[in-house]
Amino acid sequence: MIARFFKEIGRVDELGSGVRNTYKYCGLYTQGTEPVFIEEDVFKAIIPLQTGQVTGQVTGQVTEEVQKIISALLGEMKLRELMEVLDLSHRESFMNNYLEPAVKSRYIQMKYPDSPNHPNQRYLLTEKGKQLKTKLSGR
């Protein structure tokens, strides 16, 4: 199937094993969805991402990323401190996948909510976040 796929695509097979590996691992890690390769002026690979969600009575529909940030948060922490604890370096990804969903779900709150860019901004667990952290640590 992969050989037929590369013949249909055209020059993609000239790009090396990276494309084959992308196709191979995309199926494994995105629950069977396939990447899309577009050959235009600029070669593009579109990889559908799916965030893991834990279901059940304890956590409801809390993403794995939100669970990680809740588990990592101790007292009041700066954004950089949270990223370091979680061993993450890409700020935008951290904001989009971890921090913003946790704040929107009201598990985490800002110390200075009226001033998001406050120089002393810290993040802390809400009561709802503390309850979830307790449930997560007891699993």
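The values are calculated or read from the model by the stated rules, or taken from the named source; none is laboratory data. The model shown is predicted, which means the values in this text are computed figures rather than measured ones. Glycine also receives a Cβ, built like all others from the backbone with ideal geometry; neighbour counts cover every protein chain displayed.
For this structure, a couple of remarks:
- Total residues in segment 91-119, condition assigned to a loop (DSSP other than H, G, I, E, B), in contact (Cβ under 8 Å) with a residue 12 or more places away in the chain and farther than 21 Å from Lys135 by Cα: 1
- Condition check for Gly129: of a type outside the set (Ser, Thr, Tyr) and at negative phi: yes
- Of all residues in segment 72-90, one or more are more than 19 Å from Lys128 (Cβ to Cβ), among the small types (Gly, Ala, Ser), assigned to a loop (DSSP other than H, G, I, E, B) and at pLDDT 90 or above.
- Summed over segment 83-115, the residues that are among the aliphatic types (A, V, I, L, M) and under 12 Å from Val66 (Cβ atoms) give a count of 5.
- Of the set (1) at pLDDT 95 or above; (2) buried (at least 18 other Cβ atoms within 10 Å of the Cβ), all apply to Arg122 but (2).
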